[in-house]
Amino acid sequence: MIGHGAPMAPWTVTHAATPPSLDHADAWALHGLELASRRCERALWGHEDHTYRAASALGRLLDRSFAEHHYLVATPPEGVGDPGAVDGFAAMMMPRGDNAHLAWLDVWVRPERRREGLGRRLLGEVEAIARADGRTTFLLATAHAREAPTHDADALVPPTGAGRIRASDAAARFALRAGYRLEQGERLSILRIPVRPEVLDPLHAGALTAAGDAYRPVAWVGDTPDEMVDDVALLLTHAGSDAPTAGLDLREDRWTAERVRQHELQARTAGRRIRIVGALHEASGRLVGLTTVSTNEAVPEAVEQGYTIVLAEHRGHRLGMLVKAEMLRLLGDDAPLARRLRTSNAEENAHMLAINVALGFRPHGVHGMWQKVAR
Ligand SMILES: CC(C)(COP(=O)(O)OP(=O)(O)OC[C@H]1O[C@@H](n2cnc3c(N)ncnc32)[C@H](O)[C@@H]1OP(=O)(O)O)[C@@H](O)C(=O)NCCC(=O)NCCS
């Protein structure tokens, strides 16, 4: 327990334990985090598609091989142990190995308990944990249901010039007040699925033609076949380093075969299924591009887009479109309950956005990416 007896606020902040299962009494904090997250998500988006789930949090707590996760929940002192009493929570992720200088932080407060100092308290607690671990760069992602209109002279625009955040949004005020700088805007987009064949089929056929005989799509659900796991690790490393990162101090984040396997295991623990469509280069037998999506058995209608990457030397053959269009056809066949696919792209990532727009993705809010370098 942290901050016990602190005079500043009527909350007790509890550092979530790592229970052996979600049935265990110690899992109350993770269940409370999910309940509070549902409330916040509904208030922000009008749906609960992307709620923090207790099962995902447990999967991350149990696996410390490539990143360390912490979850803090705030309750009134008498509410410790009661999931329904959680008024707010903080989540943090500290990469191990590469990017060991940074910590990703996230703070959520139930709408009815905002402007009482709880957000500031929770952020302070996770920043302190990060600092004690030697982290010097703190990152926050704020979520905004709408982009600021172009005529809004007060809109916050990152140095990239792309993406506009409403200066009046609570999350923006909060981040600024806590000393963070807006570095990047990400466009959130949603695609209604299944995509109508009259839209999808010509895009798929055009991409197949452009790829010609040199490339072939390959697909699987769950564990990556052994012979492709090194290729997938290389592609995921590039997915991190090739995407625009603006002024965020994100350094190379290497994936290995072992990390791919851990990632698959973590997804299984959380009830998620990862689907991958790759582009196989016939001449070399190597995968040179891929796209990943994740489905969650708890919300089968909401699918989350993961990484999409084509190696630089294989760009210009519409492989990005090919893997994404192929994925949408597969989802239509074997995820029949799927209705929405959500993705998030840096607003300056013109090539990726062009593919998404052609497929029918429509804007659905913005992420502000904020950074604070600790002194
Ligand atoms: C952002 C959020 C966590 C703030 O939580 P909170 O408990 O209301 O924040 P606090 O009361 O500790 O506010 C701290 C400071 O932030 C600023 N602030 C927060 N909300 C604000 C608002 N609606 N308008 C203006 N300033 C605001 C103020 O400077 C405030 O200090 P003050 O009250 O002394 O003026 C909360 O609004 C939330 O959960 N939003 C949705 C989730 C999200 O976007 N999180 C950000 C990702 S880290």
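All of the numbers you see were taken from the coordinates with simple rules; none came from a lab. Quick caveat: nothing in here was measured; it's all calculated off a predicted structure. In this analysis, Cβ positions are derived from the backbone assuming ideal geometry, glycine residues included, and neighbour counts consider all displayed protein chains.
A few points about this structure:
Okay, residues lined up against (1) within 27 Å of E301 (Cα to Cα); (2) away from the ligand (no atom under 16 Å from the Cβ):
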site: A171; (1), (2): no, no
site: T209; (1), (2): no, yes
site: A219; (1), (2): yes, yes
site: E227; (1), (2): no, yes
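- Residues located in segment 100-159, provided they are among the charged types (D, E, K, R), part of a loop (DSSP other than H, G, I, E, B) and within 15 Å of the ligand (Cβ to nearest atom): R110, R114, R115, E116, R146, E147, D154
- Residue pairs meeting the criteria (Cβ under 9 Å; at least 6 apart or on separate chains; first farther than 12 Å from L322 by Cβ, in segment 194-209; second assigned to a loop (DSSP other than H, G, I, E, B) and among the charged types (D, E, K, R)): P194/R339
- Among residues of segment 303-351, those that are aliphatic (A, V, I, L, M) and touching a Leu at 6+ places or on another chain (Cβ under 8 Å), counted: 12
- Where G119 falls short, out of the listed (1) surrounded by fewer than 18 Cβ atoms within 10 Å (Cβ to Cβ); (2) closer than 26 Å to H47 by Cβ: (1)
- Residues of segment 276-313 that are over 23 Å from the mean Cα position of the chain (by Cα) and either closer than 24 Å to T51 by Cβ or not basic (K, R) (or both): A279, L280, H281, E282, A283, S284, G285, L287, V288, A312, E313.
- Only one entry in L203, L236, L182 is crowded, with 19+ Cβ neighbours inside 10 Å and assigned to a strand (DSSP E or B), namely L182.
- Enumeration of residues in segment 253-304 that are over 24 Å from A67 (Cβ atoms) and either among the hydroxyl-bearing types (S, T, Y) or assigned to a helix (DSSP H, G or I) (or both): S284
- Residue within segment 66-76 that is near the ligand (Cβ under 10 Å from one of its atoms) and more than 13 Å from H15 (Cα to Cα) present: no
- Every condition in (1) without any contact (Cβ under 8 Å) to a residue 60 or more places away in the chain; (2) more than 16 Å from the ligand (Cβ to nearest atom); (3) in contact with a helix residue (DSSP H, G or I) (Cβ under 6 Å, 6 or more places away or on another chain) is met by L61 except one, and the failing one is (3).
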